[in-house]
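**Student:** Before we start, here is the structure in question, set down as structure tokens.
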Amino acid sequence: MDNNDDTLIRIRDMSFGYAGRTIFDNVNLDIQRGKVTAIMGPSGTGKTTLLRLIGGQLRPTSGTIEVDGQNVHKLSHRDLYRLRKRMGMLFQSGALLSDINVFDNVAFPLREHTKLPESMIRDLVLMKLHAVGLRGARSLMPSELSGGMARRVAMARAITLDPMMIMYDEPFTGQDPISMGILVKLIRDLNLNLGISSIVVSHDVAETSSIADYIYLVSGGKVVEHGTPDELNASESDWTRQFIDGLPDGPVPFQYPAEDYLQDLLEGTGL
Amino acid sequence: MMNVIRILGRKSLHSFGRLGRGFIFLLQILTGIPQLFKRPRLIVQQLYSVGVMSMTIIVVSGLFTGMVLGLQLFNTMQDFGAEQSVGSVTALSLVRELGPVLTAIFFAGLAGTSLTAEIGLMKTTEQLSGMEMMAVDPVHRVIAPRFLAGFISVPVLALMFSAVAIQGGYFVSVSLLGLDSSVYWGQMQNIVDWDDDILNGVIKSVVFGFVAAWIAVFEGYDAVPTSEGVSRATIRTVVHTSLSVLGLDFIMTALMFGD
């Protein structure tokens, strides 16, 4: 089912938690078609969990998540897998299959879901690898790739089935400046050239702001603020300022909650 | 006292939870097996890495087991003047008990732990999640071929183990200790029954293969996705498979051979 609505993903009153811990509490969020939308927030706020909820790998405790007009968690197994063929996801680790080479990794979705002849698969794979600049690395094994290269191969694999959207999980973490620049350019270019929607989960403020059309700031299970990068840069909210300017103390305290320091030193025993 | 009850309750709930997950997981695997026959390459690859790669250790272990059996039985039975029965007793112990049981336990320690670690690491490195997001069911694509390969391999390996061990017993009792060759084989031919002994032994190894493969893949899939979690999962594979095989062996022996 195609939906002509401009909103590709619609999250309404969504809550999620496990082991007695609330990760999301009545979150509402819209992601527009054809745009780069960033979801930012400190580590451990459930940004990756949000991608897994959108992809149907986790089930919210309440509320709805609609992707392209379909309620992800009401779909049958078959329909969910059909929807996933139109969703690409780039995992933080790349999640490449470690026992096959770069070429076979990129060819994997084509071989699993299509009956294309090997000659056509070869051409398609080389085109995707060329788009990420790694056509020459086709015969390398995943263990021979740097972190940045692994993510580029994963990107090539994510676009193999020409999806309507790609979800990027912390794409810039642990990258050197050159790799970071390449990834920033690729996310923007793929978004423009393929006309897909991109969701970037990250805590790298500068890189993400440079490519995002819209940003959601998430913390403590809530959307704290949202807007264009310029709007967020102009925000006067203490929390937003602390996050964007990288301040060590503020609404998110430097000290992990603990009992009174003096009392702990003078009267405390054991751990 | 309340604490003990609470701990027992928690542990029981945890164990029943795992057992339930294990059975659901097994159902998922079994539903994926018919599709595998359309892609036999996946099974052949796993038969090679699970079965063929275990052959050396099975053959060597079988040889030494047979040699020890031959030596012990010859020395003991000679005291009663019954050394002519060495061939038949060696064969009976092997095809009925030692072949299926030891093969399953060796399989758990070798291929089982390897399967658990491989699947556990695939989970840790998000390869299984990655497959799910590519709309490929990892239980059908990754787990089912490994399960089937384990299930097929154990009975074949058990037969090889018994065959090589019988040769090992022959080498010691006939070639080294001087028992007559025709007595060794003749007694074996007279006593060992195709249905009662060999077929029952094969049935046992089929059951052990099913259990060993199931435990190995489940422990990998259910592992906590950390290095410590995978390490614990491999230990559980060996412990649970060995105990299950020994327990099932007693039950099946009682059913098959108990009068």
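The values are calculated or read from the model by the stated rules, or taken from the named source; none is laboratory data. If you're wondering where the values come from, they're calculated on a predicted model, not measured in any experiment. Heads up, the Cβs are rebuilt from the backbone with ideal geometry, glycines too, and the neighbour counts pull from every protein chain shown. What goes into the accessible areas is simple: the full protein's heavy atoms, side chains included, and nothing from ligands, DNA or RNA. Shrake-Rupley method; radii C 1.70, N 1.55, O 1.52, S 1.80 Å.
**Student:** To the nearest 10 degrees, how steeply does helix A:118-131 sit against the main Cα axis of chain A, on a 0 to 90 scale?
**Tutor:** So the inclination is approximately 40 degrees.
**Student:** Just the accessible area for A:L265, please: 1.4 Å probe, Å², rounded to the nearest 10?
**Tutor:** 120 Å²
**Student:** Just flag the chymotrypsin sites (Phe, Trp or Tyr not before Pro) in region B:1-107 sitting in loop per DSSP whose Cβ has no more than 14 other Cβ atoms within 10 Å.
**Tutor:** B:F37, B:F80
**Student:** Report, in order of residue number, the helices in chain B meeting two criteria: a C-alpha extent of 18 Å or more along the helix axis, and a mean Kyte-Doolittle hydropathy of at least -1.0; treat each whole DSSP H run as one helix.
**Tutor:** Taking the DSSP H segments of chain B (at least 18 Å long, mean hydropathy at least -1.0), we get B:2-36, B:55-79, B:144-170, B:200-221, B:227-257.
**Student:** Separate question: Assuming a strict under-25 Å limit between Cα atoms, what lysine pair count do you get for the protein assembly as shown once near-sequence pairs (fewer than 8 apart, same chain) are dropped?
**Tutor:** Summing the qualifying lysine pairs gives 21.
**Student:** If you average the alpha carbon positions of region A:1-67 and of region B:133-152, how far apart do those two centres end up, in angstrom?
**Tutor:** Cα centroid of region A:1-67 versus Cα centroid of region B:133-152: 30 Å apart.
**Student:** Using a Förster distance of 25 Å, how high is the FRET efficiency between A:R111 and B:I24, based on the Cβ-Cβ distance and rounded to 0.05?
**Tutor:** 0.30
**Student:** Relative contact order (percent) for chain B, with alpha-carbon contacts under 8 angstrom and 6 or more residues of separation?
**Tutor:** Normalised by residue count, the contact order of chain B is 32 percent.
**Student:** Pairs of alpha-carbon atoms within less than 8 angstrom and 6+ residues apart define the contacts here; what relative contact order does region A:69-200 have, in percent?
**Tutor:** So the answer I get is 33 percent.
**Student:** Antiparallel DSSP bridges in the protein assembly as shown: what percent, to the nearest 5?
**Tutor:** Taking every DSSP beta bridge with both residues in the protein assembly as shown, the antiparallel ones total about 55 percent.
**Student:** Let me make sure I get this right: for region B:1-155, a, b and c are the square roots of the gyration tensor eigenvalues over alpha carbons, sorted descending. Under 1.5 in a/c it's rounded, otherwise prolate if a/b > b/c, else oblate. Which is it?
**Tutor:** oblate
**Student:** Provide the per residue accessible area, probe 1.4 Å, for the protein assembly as shown, rounded to a whole number of square angstrom.
**Tutor:** 49 Å²
**Student:** Follow-up. Loop only by DSSP, 13 or fewer other Cβ within 10 Å of the Cβ. Give me the GluC sites (Glu not before Pro) in region A:202-271 that pass, ordered by residue number.
**Tutor:** Answer in residue order: A:E236, A:E259.
**Student:** Residues of region A:18-64 with accessible area at least 20 Å² lower in the all-protein-chain context than alone (1.4 Å probe)?
**Tutor:** Going by heavy-atom accessible area, the residues of region A:18-64 that drop by at least 20 Å² are A:R52, A:Q57.
**Student:** Here is a follow-up. Measure out, as a whole number of angstrom, how far apart the alpha-carbon centroids of region A:170-241 and region A:71-103 sit.
**Tutor:** 22 Å
**Student:** Right, here's the next one. In whole percent, and with a 1.4 Å probe on the protein chains, what portion of the accessible area of region B:46-257 is carbon and sulfur?
**Tutor:** Of all accessible area on region B:46-257, carbon and sulfur atoms account for 68 percent.
**Student:** Mind checking region B:18-119 for trypsin sites (Lys or Arg not before Pro) that DSSP puts in a loop (not H, G, I, E or B) and that have at most 12 other Cβ atoms within 10 Å?
**Tutor:** Counting only loop positions with at most 12 other Cβ atoms within 10 Å, the trypsin sites (Lys or Arg not before Pro) in region B:18-119 are B:K38.
**Student:** Right, here's the next one. Roughly how crowded by other chains is peptide A:91-102, in terms of the mean Cβ count from those chains within 10 Å of each of its Cβ atoms?
**Tutor:** Mean shielding count: 4.
**Student:** Something else now. How large a share of the accessible area of chain A, in percent, is made up of carbon and sulfur atoms when the probe is 1.4 Å and the other protein chains stay in place?
**Tutor:** Carbon plus sulfur share of accessible area: 52 percent.
**Student:** Between B and A, buried accessible area summed over both sides at probe 1.4 Å, in Å² to the nearest 100?
**Tutor:** 1700 Å²
**Student:** Rounding to the nearest 20 debye, state how big the charge dipole of chain A is about its Cα centre with +1 on each Lys and Arg Cβ and -1 on each Asp and Glu Cβ.
**Tutor:** 1580 debye
**Student:** Rounding to the nearest 10 and keeping the result within 0 to 90°, find how far the Cα-based axis of helix A:177-194 lies from the longest principal axis of chain A.
**Tutor:** So the inclination is approximately 60 degrees.
**Student:** Antiparallel DSSP bridges in chain A: what percent, to the nearest 5?
**Tutor:** 55 percent
**Student:** About its Cα centre, how strong a charge dipole does region A:153-271 have in debye, to the nearest 20, once Lys and Arg get +1 and Asp and Glu get -1 at the Cβ?
**Tutor:** 660 debye
**Student:** From other protein chains only, count the Cβ atoms within 10 Å of every residue's Cβ in B:123-130, then give the mean.
**Tutor:** 6
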